[in-house]
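The block underneath contains the structure these notes are about, expressed in structure tokens.
The values are calculated or read from the model by the stated rules, or taken from the named source; none is laboratory data. Predicted model only: the values in this text are computed from it and were never measured. Cβ atoms come from the backbone with ideal geometry, glycine included; neighbour counts cover every protein chain shown. Only protein heavy atoms, including side chains, enter the accessible area calculation; ligands, DNA and RNA are left aside. Shrake-Rupley method; radii C 1.70, N 1.55, O 1.52, S 1.80 Å.
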Amino acid sequence: MQGSSKILDHQPKTLAPGIKLERVQIRLIRLPLIEPFETSFGKIDSRLIFLVCIEAEGLRGWGEVVAAEEPLYSYETVGTALHVIRDFLGPALLTRPLASLDELAKCLAPFRGHNMAKAGLELAFMDLLAQLHEQSLSALIGGELKRVAVGVSLGIQPNISRLLERVERYLRLGYQRIKLKIKPGWDIDVVDEVRRKYPDILLSVDANSAYTIDDREHLQRLDDFKLLMIEQPLQNDDLMDHARLQEIMKTRICLDESIVSLRQAKLALELDSCRIINIKVGRVGGYSEALAIHDLCIGREIPVWCGGMLESGIGRAHNIALASLRGFTLPGDISASSRYFERDIITPEVTVHADGTVAVPDGKGLGFEVDVDYIERLTETRVSIE
Ligand code: OSB
Ligand code: MG
């Protein structure tokens, strides 16, 4: 390994004298899920998708705010993001021309928290910047992979046989890793059954903070199943207990909810709270922080992978670009559009090849067409900031 500072060169792409953003548009659209998605914090049947569109220089850049309707995965919601973008972040971006991602990030940095809201704006800005540079998003951020490996996240099912049927289905479709959502009462036995039937697959579990350190002995039983990782077993703000758990478990802990910034990532690695990191642009506040965490992990030889938030095609396209960076060595939660939605809002839809990879598009910006007419028809709420 080389020294960490020189490893990667996400060349700071600047456009002198800067882009004057003309308008930030928010649209909320509801997309029904093909089947309900259940985690340790609840079940949803549809996604209220929060789209951000930035207009400048005759172009439109698209981003997505991944917040849910309820503050369960994080404190942010569709409602808080709407408020914060409309009243603070959006107006701040319209005050002066912005020449680079760095300048945009600096402009948003004074506002505390609300990472998903910030990320939605960063994503839209980066799509715009990539188009202005006549480059793909992947190329703009220094992505090297032409195909990214993907896995699937399987929600809690009404019974084991339904789960086994889903596992079979996604393995047949080529997905390279199966992740099972777990919670107390849906864990050891379930993992045991899946592992028994599929002794050699890449298998992981995600608890979404459903346990506490008092469950340590119970969680240690997961060590019997050769899991790739256990994702976020404990509370989001408890790096110390994660470190205590990692110390006594063979299975690598991967942190999701806990890693909200480069600083938290450094702290988690320093404490040995985890040995794998899941990067989500939304959770960390956008590309600039995501790239920094990626570079940190490469320097420390910590594998990273791209998490998902049941995004529409727009968020999904950004995830594909992110996952094309070379530190993303484990399969991401990047499913085909058809895994979640009857019809996506981009064309072509995201598809998973039989070898369990998704192609990184090389067209300008997102590399997919945004189906603006369809979005228009679905729009429930529209807010314009100018
Ligand atoms: O914890 O990774 C998670 C979905 C919503 C909120 C949190 C998570 C998830 C998933 C789904 O696991 C990943 C996907 O988008 O396919
Ligand atoms: Mg997770």
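Results, tabulated for the structure shown:
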{"item": "Pair list, Cβ under 9 Å, 6 or more apart: region 59-82 residue on the phi > 0 side of the Ramachandran plot, other residue at pLDDT below 95 and not small (Gly, Ala, Ser)", "result": "none"}
{"item": "Conditions (1) within 28 Å of residue 81 (Cα to Cα); (2) open to solvent by 30 Å² or more (accessible area, probe 1.4 Å); number of the one not met by residue 311", "result": "(2)"}
{"item": "Near pairs, Cβ below 7 angstrom, 6+ apart or cross-chain, from region 180-208 (part of a strand (DSSP E or B)) to any residue that is open to solvent by 70 Å² or more (accessible area, probe 1.4 Å) and small (Gly, Ala, Ser)", "result": "none"}
{"item": "From 265, 243, residue being away from ligand 1 (no atom under 16 Å from the Cβ) and closer than 17 Å to residue 306 by Cα", "result": "265"}
{"item": "Subset tally (residues that are outside any loop (DSSP other than H, G, I, E, B), of a type outside the set (Lys, Arg) and within 16 Å of ligand 1 (Cβ to nearest atom)) for region 152-170", "result": "6"}
{"item": "Of residues in region 59-109 being within 16 Å of ligand 1 (Cβ to nearest atom) and aromatic (Phe, Trp, Tyr), the one nearest to residue 20 (Cα to Cα)", "result": "75"}
{"item": "Residue among 36, 17 that alone is under 30 Å from residue 165 (Cα atoms) and either away from ligand 2 (no atom under 16 Å from the Cβ) or among the polar types (S, T, N, Q) (or both)", "result": "36"}
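For every residue, the table says whether it meets (1) within 14 Å of ligand 2 (Cβ to nearest atom); (2) at pLDDT 95 or above; (3) of a type outside the set (Gly, Ala, Ser).
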site	(1), (2), (3)
237	no, yes, yes
247	no, yes, yes
260	yes, yes, yes
323	no, yes, no
